[in-house]
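The values are calculated or read from the model by the stated rules, or taken from the named source; none is laboratory data. Since the model is a prediction, treat every value here as computed from it, not as a measurement. No Cβ is skipped: glycine too gets one built from the backbone with ideal geometry, and neighbour counts run over all protein chains shown. Ligands, DNA and RNA are stripped out before the accessible areas are found, and what is left, the full protein with its side chains, is counted by its heavy atoms. Shrake-Rupley method; radii C 1.70, N 1.55, O 1.52, S 1.80 Å.
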Amino acid sequence: MSKTIKTMIDPDDAVMLLIDHQSGLFQLVADMDMLTLRNNVSALAKVAHLGKIPTFTTASVPDGPNGPLIPEIHKYNPNAVYIARTGQINAWDNPKWVEAIQKTGRKTLLIAGTLTSVCMAFPTLSALAAGYKVFNVIDASGNWSKMATEITLARCVQAGAMPIDTYAVLAEIMSTWNRTDAMEFAAIMVDHIVPHYRLLIESYDKAQSVQRDGHETKLELLKTGNGPEAAQAGQRGMQPAGMER
């Protein structure tokens, strides 16, 4: 369905752009929890690798105060291609960056960057002007203030970009549970985005084991009075627990 809806992601037409997720810049993030931001960026790297989405990264003066890219990105997505810049603040002003994207032949860009109001926004505006469809992954793009994020989001949306969150990116690229790597996508959800989803998985696994192996707790023995608890109660001249009249 996503292939026929302009406002959804077609995985076969998508490129992941992870821009300036650098250790120094992360220290400026104030609109969201740093650990959450780091987890969402890691999730995008994993999703892109699992979904075979071409991925490009870049950093703004990584040997300066902005610091290096967080290592998780290339650890989780070894196929991601790093493209160095020569001082440009807007990654789109780097001809090698644009050339790499053009060579994919794809026209849908999934853009996340820190800081949101610069590293994410500037390439977004440039890509839109160049005719690309752009999704801004907002919760993987930390910013120095919530107000700055709100202003930037309004600016990018008015220019034609579509805001999206990390979980939605995963779901649209995954597309269906009827795929051999579905549980690998689920693992990304649990490990990085919605850790409470593990509780659902654990409950499901237990329900399946009950169907396969039977109940672990033999409650029916208490009801009939034939279990060891009943025997112990009888020796004491007592009713088993829960069977008082």
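Table for the structure above
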{"item": "The range 201-221: number of residues that are assigned to a helix (DSSP H, G or I) and either of a type in the set (D, E, K, R) or farther than 27 Å from I188 by Cα (or both)", "result": "9"}
{"item": "Whichever residue in the range 57-94 is modelled with pLDDT under 95 and β-branched (V, I, T) and, among such residues, is surrounded by the fewest Cβ atoms within 10 Å (Cβ to Cβ)", "result": "T86"}
{"item": "Subset of the range 116-169 [open to solvent by 30 Å² or more (accessible area, probe 1.4 Å), in contact with a strand residue (DSSP E or B) (Cβ under 8 Å, 6 or more places away or on another chain) and in contact (Cβ under 8 Å) with a residue 12 or more places away in the chain]", "result": "L128, K133, I138, L153, G160, M162, P163, D165"}
{"item": "Condition met for I173 (in a helix (DSSP H, G or I), in contact with a Lys or Arg (Cβ under 6 Å, 6 or more places away or on another chain), touching a residue at least 40 places away in the same chain (Cβ under 8 Å) and not aromatic (F, W, Y))", "result": "no"}
{"item": "Test for M147: is it modelled with pLDDT of 95 or more and either touching a helix residue (DSSP H, G or I) at 6+ places or on another chain (Cβ under 9 Å) or under 21 Å from K6 (Cα atoms) (or both)", "result": "no"}
{"item": "Among residues of the range 78-115, those that are without any contact (Cβ under 8 Å) to a residue 40 or more places away in the chain and either within 16 Å of the chain's Cα centre (by Cα) or closer than 22 Å to A43 by Cα (or both), counted", "result": "5"}
